[in-house]
Amino acid sequence: MRRSFIGLAVVSALVSTSVMAEAEPFKTSAYGDVQVQALWQTDKDFETEVALANLGVKGVYKYDGLTAKFDLGGQYSDNDNSGDADDFEILKANILLANKYGAIFAGDGVSGSYSNIYQRIDIHESNNNEAYNSAMLYEQPKYSENIFCLISKKYDVGFGKLQAKTAIVTPKDNNGSDDDVLMGRILFFSDSFNATFNALRIDEKYGNADDTYMRYALGADYSIDNLTLAAVAEVTDESFNGAENTYIGAATYRMDKFEFGVSYQHKTFEEKIGVEDIDSVGLAIASVKYHHSKYLTLYTEVAEYGEDMTKAFADTNFAGKFANSEDNVSIGVKVRF
């Protein structure tokens, strides 16, 4: 889905201008960030790049027990894997309606599976799950299209809270399936420990395959003082690309303005596939961030793969999913507003 980034800026300005004349209970605000980095990557020339830039507008309406939120946001990336280099893309165009009984979410935006499961281990600035960067080993993308999600309220169970979510997602609207992806999710929240179980049924028509693709994921995190430990296990059955399971662990430690992060991912395949006959691959990432303020972060990062994710292997089996999967070192800065 491609739309004009300039158009987004115009819409943002118009919305902001019109809302200025509105009294409560409607509030709106613009947001964005720009990330610039120097990148040393195996088998590629050194480059400095504007890795990505985000711009959006969001708003909230609260009145008589009803809350309505909208989010419209686009992204420029220097490494867009859609095939159009230096492209602009609208990634968020959604609305959420909520009351004391629960909520409804509809539109395009950050995938709920990512937000509730994978985000806890996606802790780095350069090697991450942004749309421009396909280096992650797990199967879940960060953004999704055509989401319709029902969200329950949070139920107090004494030692924490439980919540349920279910969704229909239809990224493709011309493949003969009205329910490309069906999702069911159970979430647990407490002061220091959180966990989520997620089940996805992906229609065979979505992948032009013979069998339905099932994916199950369990994620958990635990925080004590300045340390956060997180883990995710992703188990697949009849994956469209031969993927089997992925296991991820991550740790983050905060010390004053510094944040240290390490993570490891290990992916297996259903059988030895591809020109390299790779049956598993690992990815280790380490990063140091310096948060000068909430508006400015400096970082340095190193990533190394356990097997050579060559272009031939990536193109043969995953249609470019691992196009950027090479050992790399980056130094960068991220500015937010």
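The values are calculated or read from the model by the stated rules, or taken from the named source; none is laboratory data. Predicted model, so just to flag it, every value in this text is computed and none were measured. Because the Cβ atoms are built from the backbone with ideal geometry, glycine has one as well, and the counts that use them run over all protein chains shown. Side chains included, ligands, DNA and RNA excluded: accessible areas come from the protein's heavy atoms. Shrake-Rupley method; radii C 1.70, N 1.55, O 1.52, S 1.80 Å.
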Problem - Residue count for the range 122-164, restricted to those that are within 20 Å of the chain's Cα centre (by Cα) and of a type outside the set (A, V, I, L, M) - result: 22
Problem - Search result, residues across the range 37-55 that are of a type in the set (Asp, Glu) and open to solvent by less than 80 Å² (accessible area, probe 1.4 Å) - result: Glu47, Glu49
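Looking at Asp180, Asp156, which one is of a type outside the set (A, V, I, L, M) and touching a Pro at 6+ places or on another chain (Cβ under 8 Å)? Spell out the reasoning first.
Numbers: Asp156 fails: touching a Pro at 6+ places or on another chain (Cβ under 8 Å).
It is Asp180.
Residue-wise test of (1) among the small types (Gly, Ala, Ser); (2) modelled with pLDDT of 90 or more; (3) more than 23 Å from Gln37 (Cα to Cα); (4) open to solvent by less than 20 Å² (accessible area, probe 1.4 Å).
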| residue | (1), (2), (3), (4) |
| --- | --- |
| Glu259 | no, yes, no, no |
| Ala319 | yes, no, yes, no |
| Asp327 | no, no, no, no |
| Val333 | no, yes, no, no |
| Phe337 | no, yes, no, no |
Exercise for the section: Test Ala93 against the stated conditions and say whether it is hydrophobic (A, V, I, L, M, F, W, C), open to solvent by 30 Å² or more (accessible area, probe 1.4 Å) and at pLDDT below 95. Expected result: no
